[in-house]
Amino acid sequence: MAGPIRIAVIGLGKIAHDQHLPAIAANPAFQLAATASTHGEGVGGLPRFATLDEMLASGVAVDAVALCTPPQVRYQLAAQAIAAGKHVFLEKPPGATLGEVAILDAQRQAAGVTLFASWHSRYAAGVGPARDWLAEREIRSASIVWREDVRVWHPGQAWIWEPGGLGVFDPGINALSIATYILPHPFFVERSVLSIPANRAAPIAADLSFRDVAGAAIRMDLDWRQTGPQSWDISVDTDRGTLRLEKGGTVLTLPGEAPRIAEDREYPELYARFAALIDAGTSDVDIAPMRLVADAFLCGDRRIVEAFSEP
Ligand code: NAP
């Protein structure tokens, strides 16, 4: 593509402001061309719209869109953008259902545009080296502990508790995006216990057991009721010692070594990947993390727990 990729950000909420806008501004392969968000908020003097419809109808020149809305509206927006010939960057999770994502994948093939189902946690500094190290090890077991305080990290986000919002799997799917990337064998859900507040549609906690195809057990403990220290940790026991990935994949400790800590480059790396996919005329639509979440809901043993309220 001659010149920078003209990109519009759709859904100007927390992640768009915290990560997408700075990553786009720092990458010369992109030029922010417009924004669309429900309340018509904008960026500087750029064209701003309340909806993607209005943006497409305006004729503003855009080559690509980054969809940073809640997942429940992602399919409609992505299908519209693909039909209009735009490359599409999907925030995680790539949709509200697996069926939507499969249809988008077919639509992008027919339209000849790039579709990128992004998993930002896979770009955390420790994740690539962890994958390389584990590729040559025998896995004995693994443990995922993702415990955070929902009141701190998702204040007032009503959509996250609604059907399709995933509840505690909104952060939990990040852990699964790492695990499906670093573990050498595919794994599947064996047991799922979902704790759902009496007044909400989505779980506040989940206790999961997986097994990989070579027989190793993988446990996952997700909880949004954690106050005090927060945990976003994965440990993997192998024939050559225990690998630890902490702080969401940013700190890697290999057996006998000091922890490796590196600068956060998740979103700059995501945009570099999106540019490379567009340049190569290809797509990246991996649904493995979402399939595990869907299976956890499919076979989940639902327990109703104390109602959740925010001040
Ligand atoms: P958020 O703060 O609630 O922001 C979502 C934004 O989307 C809001 O500004 C909302 O506008 C807008 N929106 C909703 N429907 C729209 C539509 N049809 N057209 C245009 N704009 C629309 O949520 P968030 O935390 O940024 O999360 C968004 C997505 O990013 C989620 O899938 C989440 O899993 C993912 N993510 C979030 C984080 C994080 O740290 N928060 C990290 C990584 C990934 P109004 O407010 O005006 O309704």
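What follows is calculated from the coordinates using simple rules that are stated; it is not laboratory data. Everything quoted here is computed from the prediction, not taken from an experiment. Virtual Cβ from ideal backbone geometry, glycine too; neighbours counted across all protein chains shown.
For Lys86, the aspartates and glutamates whose Cα comes closer than 17 Å to its Cα, not counting residues fewer than 8 places off in the same chain, are Asp53, Glu54, Asp63, Asp105, Asp279, Asp284.
Could you work out the helix-only [θ] at 222 nm for the chain, with each DSSP H run of four or more residues adding -39,500 (n - 2.57) and the total divided by the number of residues, to the nearest 500 deg cm²/dmol?
Mean residue ellipticity, 222 nm, calculated: -8000 deg cm²/dmol.
Annotation: Cα Rg of the range 1-156 relative to the compact-globule expectation 2.2 N^0.38 Å equals 1.17.
From the Kirkwood radius over Cα pairs of the range 239-301, Stokes-Einstein at 25 °C and 0.890 mPa s returns a whole-number translational diffusion coefficient of 161 µm²/s. So how tilted is helix 266-280 from the main axis of the chain? Cα-based, degrees 0 to 90, rounded to 10. Taking Cα atoms only, the helix is inclined about 60 degrees. Using alpha carbons only, the radius of gyration of the range 196-297 set against its Kirkwood radius gives Rg/Rh = 1.02. Arranged from fewest to most other beta-carbon atoms within 10 Å of their beta carbon, His39, His185, His154, His120 become His39, His185, His120, His154. Once the Cα atoms are used to define both axes, helix 74-83 deviates from the longest principal axis of the chain by about 40 degrees.
With contacts taken as Cα pairs under 8 Å and at least 6 residues apart, the range 5-117 reaches a relative contact order of 23 percent. On a 0 to 90° scale, report how tilted helix 98-111 is relative to the longest principal axis of the chain, with both axes built from alpha carbons and the result rounded to the nearest 10. Roughly 40 degrees between the two axes. Using only alpha-carbon positions in the chain, the gyration tensor eigenvalues give semi-axes of 33, 23, 18 Å once each is multiplied by 5 and square-rooted (largest first). Taking the DSSP bridge list for the chain and keeping only pairs wholly inside it, about 50 percent are antiparallel.
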